[in-house]
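**Q** For reference, the structure I am asking about is given below.
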Amino acid sequence: MANKVSVDFPAEVFDAKTNVALIHQVVVAQRAAARQGTHKTKTRSEVSGTGAKPFRQKGTGRARQGSMRGPHMIGGGVVHGPTPRDYSQRTPKKMKAAALRGALSDRARNDRIVVVDSLVTGQASTKAAKAALAGLGGANRNWLFVIDRSDDVAALSTRNLPHVHTLYADQLNTYDVIVSDDIVFTQAGYDAFLAQGTAKEETK
């Protein structure tokens with residue numbers, strides 16, 4: 001069973017102002033960047049078909065037609081259809097960092113962040129990971145599990161749990177914080193996350 005670790009959450013990270021509009025903007029940009037943008041329809045110049053006039057101009061009683069590839073014809077091209085494009089939006093790093101701090105602060109103020117020494121010890125075990133989360137009150141909850149890069153045991157133990165999303169400390173982002181009910185840091189993952197933030201501050 002995972003043992004909770006008592007830590008002092010830095011106020012600049014876990015007690016920052018929660019700007020809902022900023023979080024929304026960052027999440028929208030993140031979701032947009034995940035889109036492939038490979039959608040494509042064919043125009044009348046690209047569809048397969050003859051270029052011959054389908055029937056004579058006059059005498060049939062029908063409206064004149066010059067091509068079978070027109071958008072109003074069966075099998076014809078598409079007008080103003082989607083074409084490949086890049087949906088990504090430019091979001092400044094400071095905005096991303098502020099949104100993440102705001103999301104984490106909201107979770108911290110509602111006691112929804114837990115730090116544990118480790119979730120599983122010894123060999124990787126999905127059963128043990130599930131039991132450990134249940135001990136933390138994880139019934140019917142969506143967990144965000146944040147670990148250190150070297151913690152292969154935890155990564156293997158949680159990857160098949162349907163209500164657990166595991167991230168490395170350097171992958172922590174606003175969207176995954178928002179869509180999760182509770183956040184669990186391992187001690188190593190928590191230290192790595194804070195060290196990463198401190199390093200960024202020092203390089204400014």
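**Q** Return the total of residues in segment 1-54 being over 30 Å from Val116 (Cα atoms) and among the polar types (S, T, N, Q).
**A** Qualifying residue count, segment 1-54: 8.
**Q** Please specify each residue of segment 112-157 satisfying the condition of being hydroxyl-bearing (Ser, Thr, Tyr), within 20 Å of Leu194 (Cα to Cα) and either crowded, with 18+ Cβ neighbours inside 10 Å or touching a residue at least 60 places away in the same chain (Cβ under 8 Å) (or both).
**A** Step one: of segment 112-157, the residues hydroxyl-bearing (Ser, Thr, Tyr) are 118, 121, 125-126, 150, 157.
Now drop any that are not within 20 Å of Leu194 (Cα to Cα), which leaves 118, 150.
The one that is hydroxyl-bearing (Ser, Thr, Tyr), within 20 Å of Leu194 (Cα to Cα) and either crowded, with 18+ Cβ neighbours inside 10 Å or touching a residue at least 60 places away in the same chain (Cβ under 8 Å) (or both): Ser118.
**Q** Being open to solvent by 50 Å² or more (accessible area, probe 1.4 Å), within 30 Å of Gly37 (Cβ to Cβ) and among the hydroxyl-bearing types (Ser, Thr, Tyr), is that true of even one residue in segment 81-92? It would help to see each step written out before you state the result.
**A** Kept after step one, since they are open to solvent by 50 Å² or more (accessible area, probe 1.4 Å), are these residues of segment 81-92: 82-86, 88-90.
The next check asks that each one be within 30 Å of Gly37 (Cβ to Cβ); those that pass are 82-86, 88-90.
Narrowing the set further to residues that are among the hydroxyl-bearing types (Ser, Thr, Tyr) leaves 83, 88.
Yes - at least one qualifying residue is present in segment 81-92.
**Q** Ok, one more. Out of Lys53, Lys58, Lys96, report the one residue that is within 30 Å of Asn19 (Cβ to Cβ) and open to solvent by 50 Å² or more (accessible area, probe 1.4 Å).
**A** Values: Lys53 fails: within 30 Å of Asn19 (Cβ to Cβ); Lys58 fails: within 30 Å of Asn19 (Cβ to Cβ).
Only one candidate qualifies: Lys96.
**Q** Here's something else I'd like to know. Within the set of pairs 6+ apart or on separate chains, which have a first residue in segment 76-91 that is of a type in the set (Phe, Trp, Tyr) and modelled with pLDDT of 95 or more, a second that is open to solvent by 60 Å² or more (accessible area, probe 1.4 Å) and assigned to a loop (DSSP other than H, G, I, E, B), and C-beta atoms under 6 Å apart?
**A** Correct list of pairs: Tyr87/Arg35.
**Q** Another question about this same structure. Search segment 18-69 for residues being in a loop (DSSP other than H, G, I, E, B) and β-branched (Val, Ile, Thr), and hand back the single one that is nearest to Met95 (Cα to Cα). Talk me through it step by step, then tell me what you get.
**A** Within segment 18-69, the subset in a loop (DSSP other than H, G, I, E, B) is 18-19, 34-69.
Subsequent filtering for residues that are β-branched (Val, Ile, Thr) retains 18, 38, 41, 43, 47, 50, 60.
Working: Thr18: 12, Thr38: 28, Thr41: 36, Thr43: 40, Val47: 44, Thr50: 54, Thr60: 65 Å.
Residue satisfying both the conditions and the ranking: Thr18.
The values are calculated or read from the model by the stated rules, or taken from the named source; none is laboratory data. Fair warning: this is a prediction, and the values are worked out from it, not measured in the lab. No Cβ is skipped: glycine too gets one built from the backbone with ideal geometry, and neighbour counts run over all protein chains shown. Each accessible area value is taken on the protein alone, full model and side chains, heavy atoms only, with ligands, DNA and RNA left out. Shrake-Rupley method; radii C 1.70, N 1.55, O 1.52, S 1.80 Å.
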